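Below: the structure, in structure tokens.
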Amino acid sequence: MPLKATAHIEAMSAFALANEDILLLAEHAGEMLADIKAAWHAAAAPKSYSSWREESWVWMRLSGPRLAEAMSALCALDMRPQKLGADDIAQTRVGHIEAMMFYSPAGFDILFDIAASAYFARAVAAVARHTAQRTFMTRPQGTIAPILTPFEDDGRIARDLWISHAKWVLGQGTHFLSPFGTTGEALSVSLRERMQALEWLVEAGIAPDRLMPGTGVTALPESVELSAHAVGLGCAAVMVLPSFFYTGAGDNGQARYYSELIEKVAKPSMRVILYHIPQNSGVPVSPALTARLSKAFPDTVVAYKDSAGDWNNTAAVIAAAPNISVFPSSEAQLTKGLASGAAGCISATVNLNAAAIRRVYDTARKGEDVAEADAAIKAFRKVIQDAGLIPAMKAVLAVKSGDRRWLNLRAPHENATLENGQALLAALGSAAEHIGRH
């Protein structure tokens, strides 16, 4: 059972560990402890013996957003607040060594023999790495490609191009693929086609935990069907538009939509990326709605894709929902986003420039200078964006691959042209030399 602190005196706490064993803890209070020690020695008998251990104990403080998960790996003790309160200290095993542990305002404070310090530091580091990896998977980070959807001349999805392009983009270094986002012409593709094409990727050997398909449509039952299918395949997450068309529903209506989606899919493994693209959908996913859903479904609503291009909205979401991975508009805001706590980018042009964008992401996260490389990926993006993202990228791929099927788009889009692809490649110059190389 945890022991209670018997007293708090200014910056010091006193714990009675046994009848004659008192633990005094004071952070930045050396003079106070020295005075108590001197007073004890000066006190008249009878008294016990002195066992001051400030030179033989380590006092380590662990903190961070995934602390509870890390501590559950280090210690078998029930650390829920109702079991281990703010004034409790537990004598237990932490990281396989004998230790004392208690809550502090910043996290957990752990005291143990200094001889075990190197071992304990290694144990904590190993758990931190494991927790970080789990966090990466449950709170997505990195560069994500909303992959293009190639079509046959008769309008069917071109299975061979679909699979080869997905594998090429992954091979270029993107962390995840997001089939059937805006770039993938999702709302021009039927539910059955979307589910079948997702299965094709998995059957072709692409790990489902590298896939984050778009599953949001207007009707809730269809969003449930697409989402449940993706979760059943083992996809890492689903990216979900708000229910659009009824633009006056507001945050309450959208909260109901997302809540019922999660409850009807009813899978603990489901991870949701909220998709904010109001210039297309007509419906925002506001910072307040994001915070509300994050609080209601903290293990399910894990990320936010901001395609509006408004940095003020991105910053507001980062502030309102700190446990959400936020992805700014594109690589145009990648480095600014990373410096402000964002998670990476979900960007159309990862379809063509994945390796360069990944290098900027990795290098920026190391704190190194990326000014020149950052300018290059922004310039690449601008050339493609100014020509219309979907037809421009398909035109480039048609020229580079020699496969005219890449020119096909579904209505209401018009098809791409070889002439446009040739002009874009001329504008991109050497920055496009890698495209289509397998």
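Every number here is computed from the coordinates shown, using simple stated rules; none is lab data. Only a predicted model underlies this, so the values are computations on that prediction, with no experimental measurement involved. All Cβ positions, glycine included, derive from the backbone under ideal geometry; neighbour counts span all protein chains shown.
Before moving on, here are some points about what is shown:
- Using 0.36 nm per residue and subtracting the Cα-Cα separation, the extra length available between His96 and Val202 on full extension is 34.1 nm.
- For the range 305-310, backbone phi angles converted through the Karplus equation (6.51, -1.76, 1.60; θ = phi - 60°) give residue-by-residue couplings of 9, 9, 9, 6, x, 9 Hz, Gly and Pro being listed as x.
- Close Lys-Lys pairs in the range 229-386, where close means Cα under 23 Å and separation is 8 or more or interchain: 12
- Label positions at Thr218 and Tyr119, each projected 7 Å from the Cα along the C-beta direction, are separated by 6.6 nm.
- FRET efficiency for Asp369 and Asn312, using Cβ-Cβ distance with R0 set to 25 Å, rounded to 0.05: 0.40
- Value of relative contact order over the chain, rounded to a whole percent, pairs C-alpha under 8 Å and six or more apart: 11 percent
- Three-way shape call for the range 108-255 based on the alpha-carbon gyration tensor, with the a/c threshold at 1.5: oblate
- Taking amide hydrogens as placed 1.01 Å from N in the peptide plane, the amide H of Trp57 sits under 5 Å from those of Ile114, each at least 5 positions away in sequence or on another chain.
- Maximal additional length on extending the Ala376-Asn252 stretch stands at 40.4 nm, based on 0.36 nm per residue less the C-alpha distance.
- 3J(HN,Hα) along the range 234-240: x, 4, 5, 6, 10, 9, 10 Hz, from the Karplus curve 6.51 cos²θ - 1.76 cosθ + 1.60 with θ = phi - 60°, whole Hz, x for Gly and Pro.
- Whole-angstrom Cα spans of the range 342-438 along principal axes, big to small: 43, 27, 25
- Amide H contacts of Leu84 (H built 1.01 Å from N, under 5 Å, at least 5 apart or other chain): none
- Neighbour counts of C-beta atoms inside 10 Å place Arg61, Arg271 in the sequence Arg61, Arg271, starting with the fewest.
- The slack between Asp362 and Arg437, meaning 0.36 nm per residue of separation minus the straight C-alpha distance, is 24.8 nm.
- Between Glu193 and Ala126, the FRET efficiency estimated from the beta carbon spacing at R0 = 51 angstrom works out to 0.70.
- Remark: relative contact order (the range 362-438) = 27 percent; criterion is Cα-Cα distance under 8 angstrom and separation of 6 or more residues.
- A cut-off of 5 Å between modelled amide H atoms, ignoring neighbours fewer than 5 places along the same chain, links Thr143 with His175, Phe176, Cys345.
- At most 13 other Cβ within 10 Å, DSSP loop - trypsin sites (Lys or Arg not before Pro), the range 333-429: Lys366
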